[in-house]
């Protein structure tokens, strides 16, 4: 059974690799128009589907590695959509709480343990996104060194340096139990990388549509600016979906490369695509829940 699941993980990574390189290879060959054509709309949909599968793979691997059981495809989809929609409510914790509550009781999981799985996965999303964004924005050896060295220091502080007893000691023990997922934690990390690559591809597509002829280096930096902006917006718990914060950070960075007007149009277009995408996912989830009388826990 373990070998079967391991092969599924390998095939999933291969699928993401093929999807990414196929979509990336089409970026330069698309017709450059100032408006969205049918082909470009399908292209953006393909990128968002890739992002969805990456997020689903990350969550499935996180639960499988930590809780030692597998969620079905439809439950993984529902849990991912719940987290996506929950970020639009101030506080941004509601999706995490609901997703954690859906796992309570499975394989003896408590509420705090189930919620901790989501918190750990989202911490990885933030750290990996920040690393990718900074590295691609700076584009120098120092940035790469920082990206490589920072996780080592974090690992040493979290797991090798003793926090002592009491509250901090108990949380250190809980974190140690969570990340003791073997190959699964690597599948989580790789899936998260692909989800960020999907964000960068979507920005590159929109930039090419809105600003035909933009240079490849500028496209990469604009994509990196969006990753950094999304990561900062992730931390702004007071802003639903990071609205305002994400746009402000992106415009501040992108205006160093393009005009402020173009930067604002680009970030608003990206926001429109994401909101439409989240609403579409919510509609599909609603159909799942209503048509099959399905519960979040699958019971």
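We did not get these values from a lab; they are worked out from the coordinates using the rules stated. In this text, all values refer to a predicted model and were calculated from it rather than measured experimentally. As a convention, Cβ positions derive from the backbone with ideal geometry for all residues, glycine included, and neighbour counts pool all protein chains shown.
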Checklist outcome for this item: In nm, the gap between the two label points placed 7 Å beyond Cα toward Cβ at residue 289 and residue 210 is 3.2 nm
Checklist entry - Using a basic spin-label model with each label point 7 Å from the Cα along Cα→Cβ, how many nm lie between residue 279 and residue 119? => result 3.4 nm
Checklist entry - If you rank 98, 287, 230 by fewest surrounding Cβ atoms within 10 Å, what's the result? => result 287, 98, 230
Item to check | Rounded FRET efficiency, nearest 0.05, which uses the C-beta distance separating residue 112 from residue 259 and R0 of 35 Å | outcome: 0.10
Checklist outcome for this item: Taking r as the C-beta separation of residue 252 and residue 89 and R0 as 35 Å, the FRET efficiency to the nearest 0.05 is 0.85
Checklist outcome for this item: Proxy exposure order for 68, 221, 106 (fewest C-beta within 10 Å first) is 68, 106, 221
Checklist entry - For the residues 289, 201, what sequence is obtained by ranking on other C-beta atoms within 10 Å, fewest first? => result 289, 201
